[in-house]
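The values are calculated or read from the model by the stated rules, or taken from the named source; none is laboratory data. Since this is a predicted model, take the numbers as computed values, not measurements. No Cβ is skipped: glycine too gets one built from the backbone with ideal geometry, and neighbour counts run over all protein chains shown. Quick note on the areas: whole protein, heavy atoms, side chains included, nothing else; ligands and nucleic acids left out. Shrake-Rupley method; radii C 1.70, N 1.55, O 1.52, S 1.80 Å.
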Amino acid sequence: MGGDHGVTPIVEGALAALHESLNSPLQIVLVGDRAQIQPVLDHQSTLSAAVVKQRIRVEHADDEVTMDDKATEAVRRTNTSIAVGLKLHHEGKVDGFISTGNTGAVMASSLRHLARLPGVIRPAIASLFPNQKTVTLVLDVGANTECKPQHLHQFAVMGSLFYQYVLKKEKPSVGLLSIGEEPTKGTESVQAANRLLAAEPGIHFIGNIEGRDVLSSHVDVVVTDGYVGNILLKFAESVGPLLEAKLRHQINTNIFSKIGVFMLRPFLRRTRNSLDYAEYGGAPLLGVDGVVVICHGKSGVKAIKNAIFEAERCVRQNVNGHIKEQFEKVLASEATAAV
C-alpha cells in the first residue's frame, strides 16, 4: 500500500519475482487491504494457482499511510500496512520488509519496531547509482539531513560491508563527498570525518571525492549527509530522461540518424536500462535490526521484482550480521580505551 500506482504493480512485481525463483524457497507476504490485493492475485496468469497458494499469502491491514501523512503521526498508528509488515519482521515471521510508501513513515516505523543495530547511532538510506563500469553505492540519500563526523564514519563502514557482501567485491573503495580532494576541503564536519575514515582499518578509504567522481568507476561507496545525498539522487534520476530526450531530438533531424539508431538499437536499449532506477530495485535502510528496502513511490513491476531480490540477497548474505560484528569490535575497542 502507499505507492503511486496502487497495489497492482506491487502484486505483479511479487509474482514476477516468484516466477524467476521457482527453484528457490522464496515466499512473499503481501501486507495491505485484502479487498484490493486478492482480486489482482485471483486474475493473474503468471503462476499456477497451486504455486500462488504455496508461495504467496495476504496479511490484511486496515489502515494505509499516504504520502501526505506526517511520519511522526503515522508511526503511532498500529494497523497501517507499514506497521503490520514491520511487526511481522520483528516477530521473525518474515525475513525482510519492502515498501513503496511514505519514506519518513517507513524510517520512523523501522526504528520503532526493529530498533537500531547495537552501536549504530543513525541508520542511513543507501542507493545504487550506475557508473561507467558497474554501480556506485551512495549513502545517506535522505535519512539524515545533518550529520556529525561519527555518523559519516558509520555510514562508510555500513556501506562498505553492504558492497562487499551483496555486490561481491572484497575491500570496495570508499570516498567522502566534498568540494575538493584535499583533506582540508569541505565543512568542519567533513574534514573531521575525513580524519576518522583515514584511521578506520575496516575500510579501503581513498580520501575525498568530488561530484564528478560519483558516476565514474573511480569509487565504489560514496559517503555524504542525507541533504546532499538526496539532491544528488534526484539529480541522477533526471540524467536518463535528459539523454533520452536529447537522443530523440537528434534522431528526428534526418533519415541517416534514424538508420543509425536502428542499427544501434540493442546497444541503446542496454544503455537505457542501465540508467533506469527500476534495474536496482530499492534503497536499503542500513543500520536497523532488520532488512528494510525503501522503493520509489512510482515503482513498477520491474522495480518491485528487483527490490525483492535485493532484500533476499541482504538476508542470504547476512549483511546485518556483518555490520553487527564490525560494530561490536568498535564498541569493544572503545571500552578498552576507556579503561
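Structure summary
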read-out	value
Test: residue in region 1-19 that is more than 22 Å from the chain's Cα centre (by Cα) and within 23 Å of Gly281 (Cβ to Cβ)	yes
Region 215-237, residues that are assigned to a helix (DSSP H, G or I) and either among the acidic types (Asp, Glu) or surrounded by fewer than 23 Cβ atoms within 10 Å (Cβ to Cβ) (or both)	Gly226, Tyr227, Val228, Asn230, Ile231, Leu232, Leu233, Lys234, Phe235, Ala236, Glu237
In region 139-156, the residues that are outside any helix (DSSP H, G or I) and open to solvent by 10 Å² or more (accessible area, probe 1.4 Å)	Gly142, Ala143, Asn144, Thr145, Glu146, Cys147, Lys148
Tally of residues being of a type in the set (A, V, I, L, M), within 20 Å of Gly159 (Cβ to Cβ) and open to solvent by less than 50 Å² (accessible area, probe 1.4 Å) across region 284-329	11
Flag for Gly159 being open to solvent by less than 40 Å² (accessible area, probe 1.4 Å) and either touching a Pro at 6+ places or on another chain (Cβ under 6 Å) or not in a helix (DSSP H, G or I) (or both)	no
Out of Lys246, Lys168, sole residue that is without any contact (Cβ under 8 Å) to a residue 24 or more places away in the chain, within 25 Å of Lys329 (Cβ to Cβ) and either open to solvent by 10 Å² or more (accessible area, probe 1.4 Å) or not hydrophobic (A, V, I, L, M, F, W, C) (or both)	Lys168
Matching option when the condition is within 12 Å of the chain's Cα centre (by Cα) and either of a type in the set (Asp, Glu) or under 24 Å from His322 (Cα atoms) (or both), among Val135, Val120, Val141, Val94	Val141
Residues of region 52-111 satisfying the condition of being assigned to a loop (DSSP other than H, G, I, E, B), without any contact (Cβ under 8 Å) to a residue 40 or more places away in the chain and acidic (Asp, Glu)	Asp62, Asp68, Asp69, Glu91
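The rows are residues; the columns are (1) modelled with pLDDT under 85; (2) in a loop (DSSP other than H, G, I, E, B).
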site	(1), (2)
Leu242	yes, no
Leu247	yes, no
Thr253	yes, yes
Leu268	yes, no
Arg272	yes, no
Glu312	no, no
Glu325	no, no
Val330	yes, no
